[in-house]
Amino acid sequence: MGEEKNTKPQQKNQQPQDENQLLKIRREKLAELQENGKDPFVITKYDVTHHSQEVKDQFDTLEGKNVSLAGRMMSKRVMGKASFCNIQDLKGNIQSYVARDSIGEEEYKAFKKLDIGDVIGLEGQVFKTKTGEISIHASKITLLSKSLQILPEKFHGLTNTDLRYRQRYVDLIMNPEVKDTFIKRSKIISAIRTYLAGEGFMEVETPMLVANAGGAAARPFETHFNALNEDLKLRISLELYLKRLIVGGLERVYEIGRVFRNEGLDTRHNPEFTLMELYQAYTDYHGMMDLTENLYRYVAQEVLGTTKIVYNGIEMDLGKPFERITMVDAVKKYSGVDFNEIHTLKEARAAAKEHHVEYEERHKKGDILNLFFEEFAEEHLIQPTFVMDHPIEISPLTKKKPENPEYVERFEFFMNGWEMANAYSELNDPIDQRERFKAQEALLAQGDEEANTTDEDFMNALEIGMPPTGGIGFGIDRMVMLLTDSAAIRDVLLFPTMKSMGAAKNEANNAAQSAPAKSVATFTATSDMAEKIDFSNVEVEPLFQDMVDFDTFSKSDFRAVKVKECEAVPKSKKLLKFVLNDGSGEDRVILSGIHDYYEPEELVGKTLLAITNLPPRKMMGIDSCGMIISATHLVEGREGLNVLILDDKIPAGAKLY
């Protein structure tokens with residue numbers, strides 16, 4: 001058995017067989033090693049003196065000296081009696097010169113049988129090649145772990161986005177910039193802790209499993225605790241327990257931890273994410289603004305060495321004082337509507353209709369102000385900005401402004417048009433708090449699944465007495481996205497939530513858990529394995545009896561479209577926003593109410609069918625220019641839906657007849 005050699009590309013139908021043969025050879029190599037008493041998996045430790053980058057940085061000191069490194073072999077060039085290989089470790093990579101005369105004939109034969117991806121220990125002398133490359137002249141090579149799988153082709157690495165997220169371990173090996181992102185993430189969290197420790201804050205841990213998931217407007221995950229035969233929820237925020245600690249006399253507390261929200265997936269949302277909440281007694285939301293400004297500035301300087309950051313080509317300056325603006329003034333600035341002049345719900349609804357802002361019947365004046373802000377102002381808040389003084393309707397846990405009780409002492413911190421933090425002068429009046437909980441329960445009764453219920457133990461704590469307190473919640477993942485110039489939240493989560501690979505099994509599980517129907521028909525255009533589908537309980541809409549002449553039909557422009565981006569529409573439980581390549585050279589935006597059936601990431605990169613010559617229709621304030629075509633059916637009274645997914649070989653813009 002010899003080493004793997006470079007060969008000319010094989011025909012496509014030969015590749016699986018060739019790969020299986022290569023995998024078989026690797027296992028045979030391992031078996032041979034084990035038979036000869038050289039099983040790498042019995043080795044329990046290896047002494048490492050340096051990392052690759054340390055050797056390069058300290059070359060003047062280390063030249064001619066022996067060092068010991070360990071890492072993964074990423075390349076190998078065998079040239080008769082001498083060879084080169086490249087070793088990758090935590091800090092980077094380094095070349096090694098391996099000569100038969102230096103390590104011995106038998107060891108050199110063993111080296112030649114090593115495969116790309118094997119983990120090895122390397123001992124040798126530091127030197128510089130004739131071309132000036134700092135290298136290690138190997139005196140001993142030790143196989144520490146045999147790689148039985150084949151790494152992606154080295155020139156382009158792992159580029160399949162879905163596969164990168166599912167196999168992050170391979171992503172970290174093949175893409176150095178990914179490793180750098182997660183090293184920076186660790187440093188960011190460490191810098192936050194260092195700064196807060198210097199400000200006298202105490203880090204604490206609070207329960208993840210709770211009987212009442214409160215503190216935020218979000219739908220929780222539910223579970224069952226067998227030992228107590230009790231239904232529990234996963235926490236959606238950290239707030240209520242941290243406030244209990246303020247009541248208990250811990251004046252400055254914070255927690256960095258996972259929270260869980262049973263919501264959709266898109267470039268900025270994951271159902272489990274890292275949140276930091278912080279509470280400080282005897283201060284207000286102005287104190288929280290000062291803390292936020294100083295914290296962001298400190299973390300950027302510590303991790304990046306500068307307070308100027310660049311995200312998606314746009315520079316944001318954390319060194320300058322952050323802008324502070326009220327929500328009313330922001331709406332006036334960017335929409336021209338002055339809510340100081342709007343006094344009734346009727347007037348607010350009239351303004352919304354005039355400016356094409358979609359609202360629901362349950363929305364009050366303050367809700368409509370917030371809809372205006374989201375529609376007209378958010379996208380302009382690129383530089384660090386504090387948006388203050390929110391309407392009371394959207395802030396159930398916040399202290400009213402004494403001079404204007406329709407508004408509360410709250411701010412949201414924005415950068416890049418994103419909400420980065422949310423802070424309050426915390427409500428500490430237990431009577432007022434109970435009334436607000438009652439209002440939330442009324443919303444829950446009206447069908448708002450994100451509304452809170454009364455937490456009686458928290459109410460008891462407030463009645464014991466909580467001092468005036470400032471509180472803030474930071475989205476750590478978005479902070480890391482900005483500071484590492486990462487496009488999506490999944491790029492800063494080591495193991496983001498993904499839909500199960502066994503799609504049929506996953507659909508069956510979802511149907512069994514959530515539907516009264518006993519079975520659900522699953523329709524797919526292609527499948528990895530043959531699936532027998534039972535259509536006996538499926539109902540379809542009767543065929544139309546009215547005929548349409550050919551000229552009328554031919555006026556509908558059916559086109560193949562490629563999904564460039566797909567994300568959930570904020571504040572909507574059903575709508576997905578598609579950015580599509582329709583072959584025209586300009587992006588087309590279409591909204592479709594299919595979020596109950598698909599998560600956004602499932603459809604990115606797919607080829608769909610759309611009608612492209614419908615007039616624009618405004619949905620949630622967004623112009624939808626066309627319609628995605630889906631197939632619908634009923635199973636025991638329950639609607640099923642499947643988007644028509646076309647063959648990827650069909651080009652964008654291809655007309656369908």
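Among Lys56/Lys140; Lys353/Lys655; Lys320/Lys577, which pairs are too far apart, with a Cα-Cα distance over 30 Å?
Table pairs above 30 Å Cα-Cα are Lys353/Lys655; Lys320/Lys577.
Calculate how many DSSP beta bridges within the chain are antiparallel, expressed in % of all such bridges and rounded to the nearest 5.
90
Mind listing the long-range amide H neighbours of Lys606? Cut-off is under 5 Å, sequence gap 5 or more, other chains count too, H placed in the peptide plane at 1.01 Å from N.
Hits under the 5 Å cutoff: Val563.
Extension gain Phe558-Ala631, at 0.36 nm per residue separation less the Cα-Cα distance, in nm?
Between Phe558 and Ala631, full extension yields 24.8 nm more.
Would you mind checking Lys346/Lys573; Lys184/Lys333; Lys24/Lys76 for any pair whose Cα atoms are more than 29 angstrom apart?
Lys184/Lys333
Residues with amide H under 5 Å of Ser68's amide H, sequence separation 5 or more or different chain, H placed in the peptide plane at 1.01 Å from N; which?
For Ser68, the qualifying residues are Thr49, His50.
May I ask you to compute the full-extension gain from Glu63 to His355, defined as 0.36 nm times their residue separation minus their alpha-carbon distance, rounded to one decimal in nm?
Roughly 98.0 nm would be gained on extension.
How many lysine pairs does the range 359-510 hold where the Cα atoms are under 27 Å apart and the two sit 8 or more places apart or on different chains?
Close lysine pairs found across the range 359-510: 11.
Find which of Leu151, Val119, Ala31 sits farthest along the positive direction of the dipole of the range 12-151, computed with +1 on the beta-carbon of Lys and Arg, -1 on that of Asp and Glu, about the Cα centre.
Final value for the positive-end residue is Leu151.
Testing the spin-label approximation: label points 7 Å from Cα along Cα→Cβ at Arg166 and Tyr46. State their distance in nm.
The modelled label-to-label distance comes out at 3.0 nm.
Rounded to the nearest 5, what is the percent of antiparallel bridges among the DSSP beta bridges in the range 12-151?
Taking every DSSP beta bridge within the range 12-151, about 90 percent pair in antiparallel fashion.
How far apart, in nanometres, would the label points at Ile314 and Ala99 be if each is projected 7 angstrom from Cα along the Cα-to-Cβ direction?
Result: 5.8 nm between the two label points.
What shape does the chain have by the C-alpha gyration tensor, where a ≥ b ≥ c are the square roots of the eigenvalues, rounded means a/c under 1.5, and otherwise prolate means a/b greater than b/c and oblate the rest?
Because a/c hits 1.5 or more and a/b fails to exceed b/c, the chain counts as oblate.
Run the quick spin-label model on Glu419 and Ser190: label points 7 Å from Cα toward the beta carbon, then report their separation in nm to one decimal.
3.2
Hey, got the dipole for the range 12-151? About the Cα centre, +1 on K and R Cβ, -1 on D and E Cβ, debye to the nearest 20?
Computed about the Cα centre, the dipole is about 360 debye.
Each reported figure results from applying straightforward, stated rules to the coordinates on display, with no laboratory input. All values derive from a computational prediction rather than experimental measurement. Every residue, glycine among them, receives a Cβ derived from its backbone with ideal geometry; neighbour counts consider all protein chains shown.
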